[in-house]
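J.: Just passing along the structure, written as structure tokens.
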Amino acid sequence: MKRKIIQYSIIAFIGLTIFSCKKDDIQRTYTYNPPKQINDGLEVSSLDSEGFNINLIEYLIDNINGGKYKFIHSVLIIRDEKMVLEEYFGGYDQNMPNNMYSATKSLCSALVGIAIDKQYIKSVNDPIKGYLSEYADVDWTGKENITIQHLLTMSAGLEWDEWSAPYTSPENSHSRMSQSPEQVKYVLQRRVVSEPGSRFVYNSGLVVTLGKIVSNSTDMELDTFATRYLFKPLGIKRHHWYIYPSGIYLTSGNLELTSRDMAKFGLLYLNNGKWKGKQIISEDWVRQSVKSHISPWYETFYGYLWWKKPLLMLDGQRLEGYSAEGFGGQLIFVLPSYNMVVVFTSAIDWNQADLLNQPLEMLQQFILPAVK
């Protein structure tokens, strides 16, 4: 899987400079209709009103319907505060929740930020040991200096391998954590193999541990805290967490939200933590979250559980943005220079890790060139 992700980064870096589809490749059957206004807090508009080439977007949808892009469930575009495209496929609709997989991590980052904003957690520089007193029996030797920031940037230095073996394999560290009696304890028992903060190692267990820290620091069930301070303010009425038999929340994945609610979360970050004029997350936390804190590999950076991968426009211009990303193609792209949020959701095929590449290709070949 690591090879596939590196391949994805390289594709992002060099860009897709050739519009690879010919007009006669697919049958043109789709006709654009603007999204319908419903009472969920999202305003709607039309592609032409917000400066898009409708023909390119119609061509994108025809490519999805024609099978060029597989397993797609939804594509949503928001620009200038208004949703201009909302399309569903494969029997999905606006009322059906999506498993966000690892895009959940970015939402967990938001919960950490809110806990800091409300002074439940003092600082990202706090050692995690002070928030995990129930794990006093763990051997903390060499782990005393692991901080909340190290968890947010996946640089805690603990032994972990989530990419060499598929998630369905018992050799995968995530799988082993999931099968353990208590997930956070499993993570904390891993031995230290590098200096905390020195290198990036993708580790979902660190994010599960962050969820526990939020719960402990606030003295609330994680869902109670998330509902009170994030979901309810955003008007998100339905959501579902996966909770292990141990009672630990899987804050690194598997949160279920509708595509529209995923778009709201992206729009919250685009607007520097504000929703309908109210500051839900501090502007400082949003800014710190999407900074380039560490580099997993060439030209790719990681913030506080947000990805920063370079995009290259068809004219060669580099485009800055950031994204919440989940296995199989669950993505929330936030593109401040275009004042735009784009959401993709997809079905999962565990044998095709490169499905994560599809949203990037659709964004670069169709959506960005469609902006006039």
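J.: So which pairs qualify, if the first residue must be in segment 56-82 and under 14 Å from Gly329 (Cβ atoms), the second must be small (Gly, Ala, Ser) and assigned to a helix (DSSP H, G or I), the Cβ gap must be under 7 Å, and the two must be at least 6 apart or on different chains?
T.: Partner pairs satisfying both residue conditions: Ser74/Ser259; Leu76/Ser259; Leu76/Ala263.
J.: Among what's in segment 303-322 and is touching a residue at least 60 places away in the same chain (Cβ under 8 Å) and touching a Phe, Trp or Tyr at 6+ places or on another chain (Cβ under 6 Å), pick the residue that is farthest from Gly273 (Cα to Cα).
T.: Only one residue tops the list, namely Pro310.
J.: Yes or no: Thr227 out of contact with any Phe, Trp or Tyr (no Cβ under 6 Å at 6 or more places or on another chain), surrounded by fewer than 20 Cβ atoms within 10 Å (Cβ to Cβ) and closer than 30 Å to Ile38 by Cα?
T.: Details: out of contact with any Phe, Trp or Tyr (no Cβ under 6 Å at 6 or more places or on another chain): yes; surrounded by fewer than 20 Cβ atoms within 10 Å (Cβ to Cβ): yes; closer than 30 Å to Ile38 by Cα: yes.
Yes.
J.: While we're on this one: Within segment 278-300, can one find any residue that is within 24 Å of Gln365 (Cα to Cα), free of Cβ contacts under 8 Å to residues at least 24 places away in the same chain, buried (at least 19 other Cβ atoms within 10 Å of the Cβ) and touching a Lys or Arg at 6+ places or on another chain (Cβ under 9 Å)?
T.: No: zero hits.
J.: How many residues are outside any loop (DSSP other than H, G, I, E, B) and farther than 24 Å from Trp275 by Cα if we restrict to segment 71-86?
T.: Going through segment 71-86 one residue at a time, the tally reaches 2.
J.: Let me ask something else. If you check every pair at least six apart or on different chains, which have Cβ atoms under 7 Å apart with a residue in segment 171-185 that is touching a residue at least 40 places away in the same chain (Cβ under 8 Å) and of a type in the set (Asp, Glu) first and a residue that is assigned to a loop (DSSP other than H, G, I, E, B) and surrounded by fewer than 19 Cβ atoms within 10 Å (Cβ to Cβ) second?
T.: Glu182/Ser246
J.: When residues of segment 240-270 are filtered for being touching an Asp or Glu at 6+ places or on another chain (Cβ under 8 Å), closer than 30 Å to Ser337 by Cβ and either among the small types (Gly, Ala, Ser) or not in a helix (DSSP H, G or I) (or both), how many remain?
T.: 1
J.: Next up: Of all residues in segment 211-224, how many are outside any helix (DSSP H, G or I) and surrounded by fewer than 16 Cβ atoms within 10 Å (Cβ to Cβ)?
T.: Here the count works out to 2.
J.: When you check Thr258 against the structure, is it crowded, with 21+ Cβ neighbours inside 10 Å and closer than 29 Å to Tyr88 by Cβ, yes or no?
T.: yes
J.: Among the listed residues Gln149, Gln119, identify the single one that is of a type outside the set (Val, Ile, Thr), out of contact with any helix residue (DSSP H, G or I) (no Cβ under 8 Å at 6 or more places or on another chain) and at positive phi. Reasoning before the result, please.
T.: Values: Gln149 fails: at positive phi.
Matching residue, one of Gln149, Gln119: Gln119.
J.: Quick check: is even one residue across segment 290-308 farther than 23 Å from Gln149 by Cβ, touching a Pro at 6+ places or on another chain (Cβ under 9 Å) and in the same structural domain as Glu43 (by TED's automatic domain parsing)?
T.: No: segment 290-308 contains no residue that is farther than 23 Å from Gln149 by Cβ, touching a Pro at 6+ places or on another chain (Cβ under 9 Å) and in the same structural domain as Glu43 (by TED's automatic domain parsing).
J.: List the number of the failed condition for Gly91; all other conditions in (1) in contact (Cβ under 8 Å) with a residue 24 or more places away in the chain; (2) surrounded by fewer than 23 Cβ atoms within 10 Å (Cβ to Cβ); (3) under 20 Å from Thr345 (Cα atoms) hold.
T.: The one condition Gly91 does not meet is (1).
J.: I'd like to check something: does segment 104-115 contain any residue that is crowded, with 17+ Cβ neighbours inside 10 Å, of a type outside the set (Val, Ile, Thr), within 24 Å of Asn339 (Cα to Cα) and touching a Lys or Arg at 6+ places or on another chain (Cβ under 6 Å)?
T.: Within segment 104-115 (the criterion being crowded, with 17+ Cβ neighbours inside 10 Å, of a type outside the set (Val, Ile, Thr), within 24 Å of Asn339 (Cα to Cα) and touching a Lys or Arg at 6+ places or on another chain (Cβ under 6 Å)), the answer is no, since none of the residues qualifies.
The values are calculated or read from the model by the stated rules, or taken from the named source; none is laboratory data. Just so it is clear, the model here is predicted, and its values are computed rather than measured. Note that each Cβ is placed from the backbone with ideal geometry, even for glycine, and that neighbours are counted across all protein chains shown.
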